[in-house]
């Protein structure tokens, strides 16, 4: 967990228009950033388990205790897409595998939005893996503890990707789902989750056999399955509900191809 990585920075575009900042906010919300960094970007403790550990998201604002003033856009992008922080140090429990394919345009709008939010004075919360968490990491059960080990740091990121109902774009959106549903999206126990958390569902074609495109999108929008049952925490349907119709249709198309 103390390993360091060398990542070559990529020039990140800056955005100032209200439309672009609004898209950055939607990306922050729909990609689940607030689950760890809170709705205002100030960070929060999202796992507090004696065995797994205590894990807190960083304060991403310009307030006291925040990291924004001490990071360039390029450094922030490396943290988001590579799971690597200042001085090459691995970020603990940063699910960068979810965001490693994010385009320069999307990550630029996300960062520009973060720079526009009001500063919040809030010191960094505790980040302390517990004994079981460390053991599970060592045997490969919780790779998200150091997601930087799972990422190709020499990859060239796309400048942009046009939102279309296509397999390519659906796969791009599906990256957001890998942190809980696994890289193959077949579900199972969520890595690093306390034992009381339910396992993630299989969201391949097999797991979604009882869904249609219409009921799939409706379930994401409402948090209710076709049979009327409610999606249980930690399924972040409230965040995913902010995905656009194009994103959800492309996601459905891609999931049906697996």
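The values are calculated or read from the model by the stated rules, or taken from the named source; none is laboratory data. Quantities reported herein were computed from a predicted structural model and do not represent experimental measurements. Cβ placement follows ideal geometry from the backbone for every residue including glycine, while neighbour counts extend to all protein chains displayed.
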Options 101, 112: the member that is closer than 20 Å to residue 5 by Cα and either assigned by TED's automatic domain parsing to the domain that holds residue 38 or not in a helix (DSSP H, G or I) (or both): 101
Qualifying residue in region 196-203 (condition: at pLDDT 95 or above and either outside any helix (DSSP H, G or I) or outside the structural domain of residue 144 (by TED's automatic domain parsing) (or both)): yes
Residue satisfying condition, being out of contact with any helix residue (DSSP H, G or I) (no Cβ under 7 Å at 6 or more places or on another chain) and more than 14 Å from residue 37 (Cα to Cα), within set 74, 123: 74
Matching option when the condition is modelled with pLDDT under 95, touching a strand residue (DSSP E or B) at 6+ places or on another chain (Cβ under 6 Å) and in the same structural domain as residue 23 (by TED's automatic domain parsing), among 88, 125, 133: 133
Region 220-242, residues that are in a helix (DSSP H, G or I) and over 20 Å from the mean Cα position of the chain (by Cα): 222
For residue 158: the one exception among (1) surrounded by fewer than 15 Cβ atoms within 10 Å (Cβ to Cβ); (2) under 19 Å from the mean Cα position of the chain (by Cα); (3) not in a loop (DSSP other than H, G, I, E, B): (3)
Selected residue (criterion: surrounded by the most Cβ atoms within 10 Å (Cβ to Cβ)) from residues of region 179-195 that are in contact with a strand residue (DSSP E or B) (Cβ under 6 Å, 6 or more places away or on another chain) and not in a loop (DSSP other than H, G, I, E, B): 180
Test: residue in region 49-57 that is out of contact with any helix residue (DSSP H, G or I) (no Cβ under 6 Å at 6 or more places or on another chain), at pLDDT below 95, more than 18 Å from residue 7 (Cα to Cα) and not in a strand (DSSP E or B): yes
Matching residues in region 77-94 - criterion: being touching a residue at least 60 places away in the same chain (Cβ under 8 Å), buried (at least 20 other Cβ atoms within 10 Å of the Cβ) and not in a loop (DSSP other than H, G, I, E, B): 77, 78, 81, 82, 84, 90
Residue 176 vs. criteria surrounded by 13 or more Cβ atoms within 10 Å (Cβ to Cβ), more than 19 Å from the chain's Cα centre (by Cα) and outside the structural domain of residue 94 (by TED's automatic domain parsing): no
Unique match (being part of a loop (DSSP other than H, G, I, E, B) and touching a strand residue (DSSP E or B) at 6+ places or on another chain (Cβ under 8 Å)) among 16, 39, 7: 7
Residue identified as surrounded by 19 or more Cβ atoms within 10 Å (Cβ to Cβ) and either free of Cβ contacts under 8 Å to residues at least 24 places away in the same chain or closer than 16 Å to residue 59 by Cβ (or both) among 117, 146, 138, 107: 117
